[in-house]
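Peer 1: Attaching a single structure in structure tokens format; questions to follow.
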């Protein structure tokens, strides 16, 4: 039996197993889910063993554990370092889910659950590809090192100390992961660039306590109004970020890359349909894909203050809060950008309030040189596994680990994306196309098979 | 025994009874407190009977009940219409209360509880003044009609239909109420002006659903940023409201009134201490008291959207919300102002989002002519009851009922304020000074006694 036949014979079992994984509410940002995150780590370690990764360990950290494993490292075979994460975003707002976030449900060829696309479903693709190879070929045909973390959605803080401590043991010929999206349905994609992410929280403190807006209104600073004014000062009318020096270090796009991006089979009309607004917006002088992939941004992610319940409360609140983030592109230094953003926000505030500015996390951007041989092998495997033409793309999201590993280990990073742009990662009704899930397992198995057969070294 | 002696002998019992009243969490804006609001109405009706108001009725309405009562109307005596409210503001944020909002506690001569100042404590002053007169003089010396509502904090919607239906029965020589503040500790005050209040809620709808801020950031409208920009466009740098025509109908202050206000025993330093900010703010060209009492304002009361939990969530939210209100002064028409504010907000929004603009309530401003004889009697009673010089003041807050009753019945409205500006009405740790509570009972009893003795008609 070929590995492809084996995979086709096990579709039901694979899907059943993935549903078990998705039932674990491993929300890493929430203290109350700490146990669930532990459970997910244990689940992953068991499945790794059955995928042929004999030596597996759940490594405890000051927060959530990571799972590390290795196959027996046979000489003369290429070694890949496989990465994934088993933690998920919070599922709120719960009332917007058609079916509950942690009760996986299949509708119209899609599997709905928090984590289905980001990243449990895509991680499971690799587990099943390896297992299928082991069961059909008697062994996993390549050397595998695998590192699956539980803190990707909260900045991967403890992953990095593990990596630094074990950097010699982690040596590999390539880093492989699936935590990105295809350009569009039916267009298998390899991502060669990601934006970096800095995440900030602002707290504006005005009056010592909440005040009656009738008795005090008109003579005291209102933290909501002041926060709003500061936020309004973060972009100009051409949607450029007004933080001084924000764009100074951005490496400009080459003409050839702009041309390649412009020629991709990507439809703005499809994108508009997902977004569902009357009018897109963005930085002048750049195409939509360039804005999404290659230009830095500053986005508001949350805001709150004062009375937010039903009905009326005539209050001037003591405090107002916002969460915001910057996406960064090659050339920009996250630490420097964090300082620039904080400085700009503080300059926008009047003396009547005080401000607490917290940098919750920082992360580097990354771009790969996809002329390396392994990218060609990956592209071919995707085209065979899906029966479609595959493409190289960049992505606007962030996987801090990729840029960090790239600069530490100096190895190619191969990002095989099996998600779709409209699959609501981080939003209600997150889902994964079953076509892409199974196409992913087939392609990944073919990719690992090819690497094993055509080694010894990349 | 004089009525003053009687009152002094019953301090402990009065305070005990007021605490019972304050234990009822009659939060009118919250569906889950509907029963408590009913209970508070029943409590009020019982205390009215013991105050000598023989005929009392709890009048059910489509929402919360109101309590209506009358003494036997004896010819030749002046008739007052007494107003108050037994509903209270929500108590949130609960964690900022030193003792729980519905467990009354005395500390440093103050009674702490939600509703202690606004308005249960001040309403109780009148109940005990009437009762003391009845017990010492054998009967209440004036004719009393009394209307106590349970919807003051949510716009008094059903009060008004009751008043219109019963307008002939409500005829009186004056409206009397206590739901305002003294200018400062030791300065008994009669309020002759109130601002009107319009309350609005804005909902900004952008993307059809929450989106990943990495994958979509840079090309789609962000409802938080757009809402913030609109809010920033509601005031100019001199803190004037930028809504076109907002100030057009404002009746300017007379020189003599500005002079009277400037000469009041009011200290900006005390006000600053309550507010606790490095710098006050407000409309150029007006004193702090003028800004608070005589100038219209637009204040933000609440804002929310996106992720507001702990940690990070990289989301562009589908929606963002704000609650805001305008305080209005004589000359301004609430309905017209509501239209102007809505129009201005809509003009500030880009086509990329839609907006739901709700006017939750509107309310007229009010100013009295305090040269009427009854104001002199009230001033004298306050000076006797407190042993201090009393003053006439305006107030920045709103009591829609006062302006409505004034234009309907064309009678003087006498607002005896026993609160203090730092008593946190609408905020955590609301409290009432016991000196003012008992001084209030004494003054009010003397006022009603004087009206009865020196009738027949005002």
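Every number in this text was worked out from the coordinates using simple rules, so none of it is lab data. Fair warning: this is a prediction, and the values are worked out from it, not measured in the lab. Positions of Cβ are generated from backbone atoms using ideal geometry, with glycine treated the same way; all protein chains shown enter the neighbour counts.
Peer 1: Determine the shape class of the stretch B:348-440: with a ≥ b ≥ c the square roots of the Cα gyration tensor eigenvalues, call it rounded for a/c under 1.5, and otherwise prolate if a/b is greater than b/c, oblate otherwise.
Peer 2: In terms of gyration-tensor shape, oblate.
Peer 1: With the contact rule set at Cα under 8 Å and sequence spacing of 6 or more, what percent relative contact order holds for chain A?
Peer 2: Working: 942 pairs, mean separation 119.2, N = 458.
Contact order relative to length: 26 percent.
Peer 1: Another question, if that's okay. What percent antiparallel are the DSSP beta bridges of the stretch A:54-198, to the nearest 5?
Peer 2: 55 percent
Peer 1: In addition: How many Cβ atoms of partner chains, on average, are near each residue of B:89-98 if near means within 10 Å of its Cβ? Walk me through the intermediate numbers first.
Peer 2: Working: counts 6, 7, 0, 6, 6, 0, 0, 3, 0, 0.
Mean shielding by partner chains, rounded to a whole number: 3.
Peer 1: Quick one: which of A:418-424, B:250-256 comes out on top by average Cβ neighbours within 10 Å, and what's the full order, highest first?
Peer 2: So the peptides A:418-424, B:250-256, ranked by packing, come out A:418-424, B:250-256.
Peer 1: Based on the mean of other beta carbon atoms within 10 Å per residue, what is the order of B:132-144, A:294-306, B:280-292, B:301-313, most packed first? All intermediate terms of the calculation are to be shown ahead of the outcome.
Peer 2: Working: B:132-144: 20.2, A:294-306: 25.7, B:280-292: 18.3, B:301-313: 22.3.
Ranked by mean Cβ neighbours within 10 Å, highest first: A:294-306, B:301-313, B:132-144, B:280-292.
Peer 1: Could I ask something else about it? If you count, for each residue, the other Cβ atoms within 10 Å and average over each peptide, how do A:122-130, B:230-238, A:178-186 line up from highest to lowest?
Peer 2: A:122-130, A:178-186, B:230-238
Peer 1: Sticking with this one: Among the DSSP beta bridges whose two residues both lie in the protein assembly as shown, what percent are antiparallel, rounded to the nearest 5?
Peer 2: Percent antiparallel among DSSP bridges in the protein assembly as shown is about 70.
Peer 1: Sticking with this one: When the Cα centres of the stretch B:282-360 and the stretch B:369-402 are compared, how far apart do they sit, in Å?
Peer 2: Taking the Cα centre of each part, the stretch B:282-360 and the stretch B:369-402 sit 33 Å apart.
Peer 1: Note the angle between two axes, namely the Cα long axis of helix B:120-137 and the longest principal axis of the Cα atoms of chain B, as a number of degrees from 0 to 90, rounded to the nearest 10.
Peer 2: 10 degrees
Peer 1: Follow-up question, since we're still on this one. Where both residues lie in chain A, what percent of DSSP beta bridges are antiparallel, nearest 5?
Peer 2: Of those bridges, close to 70 percent are antiparallel.
Peer 1: Still on this model: Can you give me the distance in nm between label points at residue B:105 and residue B:247, each placed 7 Å from the Cα along the Cα-to-Cβ direction?
Peer 2: For residue B:105 paired with residue B:247, the spin-label model returns 4.6 nm.
Peer 1: Moving on to the next point. What is the stretch B:148-253's relative contact order, in percent, from Cα pairs under 8 angstrom and six or more apart in sequence?
Peer 2: 10 percent
Peer 1: Can you give the average number of partner chain beta-carbon atoms within 10 Å of each beta-carbon in peptide B:267-279, as a whole number? Spell out each step's value before the answer.
Peer 2: Numbers: counts 0, 1, 0, 0, 3, 2, 1, 7, 12, 8, 13, 7, 6.
Taking the mean over all residues of the peptide, I get 5.
Peer 1: Next up: Let me know the mean shielding of B:2-11 by other chains, meaning the per-residue number of their Cβ atoms within 10 Å of its Cβ.
Peer 2: Numbers: counts 0, 0, 0, 0, 0, 0, 0, 0, 0, 0.
Partner Cβ neighbours, averaged per residue: 0.
Peer 1: Rounded, prolate or oblate, given the Cα gyration tensor of the stretch A:111-187, with a/c below 1.5 counting as rounded?
Peer 2: It is oblate, given that a/c is not under 1.5 and a/b is not larger than b/c.
Peer 1: Rounded to the nearest 10 degrees, what's the angle between the helix B:223-232 long axis and the longest principal axis of chain B, both from Cα atoms, 0 to 90?
Peer 2: 60 degrees
Peer 1: Label residue A:267 and residue A:372 with points 7 Å out from Cα along Cα→Cβ: what is the distance between them in nm?
Peer 2: Placing both labels 7 Å beyond Cα along the Cβ direction yields 3.5 nm.
Peer 1: Related question: May I ask for the angle, rounded to the nearest 10°, between helix A:373-386 and the longest principal axis of chain A, with both axes built from Cα atoms and the value confined to 0 to 90°?
Peer 2: 80 degrees
Peer 1: Mind giving me the nanometre distance, one decimal, between the label points for residue B:310 and residue B:351, set 7 Å out from Cα along Cα→Cβ?
Peer 2: Label-label distance for residue B:310 and residue B:351, simple model: 4.5 nm.
Peer 1: Calculate, axis by axis, the spread of Cα positions in the stretch B:218-366 along the three principal axes, and write the results as whole Å, longest axis first.
Peer 2: Cα extents, longest axis first: 57, 35, 26 Å.
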